[in-house]
Amino acid sequence: MLCAADFPYLVFTNTSGTSTVLSVANLTMTVSGTTLEVKNDEGTTSFVLTELSHMHFSDTLTAIDNVLASDEPVRVFTVMGLEIGEYNTMLEAVNALSSGEYILSNGKQSQKIVVR
């Protein structure tokens, strides 16, 4: 039987369909009033409770299997080839991006992702 500790990510989806993927490494969650504050090794993220649709554990950053190691630096491009920026990890990149389709590259491999 699977349990939460079997998954490296927790996905939060808001009522507009946008998803935020956070690492569960040293994860803590605190509710204060109408806000859910989530802290992990990457930093702190806050969610308005009334805007959260659901959350679930995941073994991937997106619905697409990851071909890039999640702890390698990545460059992010639009699907049109314009460079968005460089990030220390895939997770950092996904958390920084707004909804859309992107290409992530570590210099050896590339992967298309969808951020919702």
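The values are calculated or read from the model by the stated rules, or taken from the named source; none is laboratory data. Predicted model, so just to flag it, every value in this text is computed and none were measured. Heads up, the Cβs are rebuilt from the backbone with ideal geometry, glycines too, and the neighbour counts pull from every protein chain shown.
Structural remarks
- Number of positions in the stretch 20-59 that are under 16 Å from Glu92 (Cβ atoms), among the polar types (S, T, N, Q) and touching a residue at least 12 places away in the same chain (Cβ under 8 Å): 5
- Test result for Gly100, under 22 Å from Ser16 (Cα atoms), out of contact with any Gly (no Cβ under 7 Å at 6 or more places or on another chain) and surrounded by fewer than 18 Cβ atoms within 10 Å (Cβ to Cβ): yes
- Residue in the stretch 16-23 that is modelled with pLDDT under 90 and in contact with a His (Cβ under 6 Å, 6 or more places away or on another chain) present: no
- Lone unmet requirement of (1) at pLDDT below 90; (2) surrounded by 15 or more Cβ atoms within 10 Å (Cβ to Cβ) for Val114: (2)
- Taken over the stretch 1-34, the criterion of being out of contact with any Leu (no Cβ under 7 Å at 6 or more places or on another chain), surrounded by 13 or more Cβ atoms within 10 Å (Cβ to Cβ), of a type outside the set (A, V, I, L, M) and under 22 Å from Ser99 (Cα atoms) is satisfied by Pro8, Thr13, Thr18, Ser19, Thr20.
- The condition of being under 16 Å from the mean Cα position of the chain (by Cα), among the polar types (S, T, N, Q) and at pLDDT below 85 holds for only one of Asn40, Asn95, Asn26, that being Asn95.
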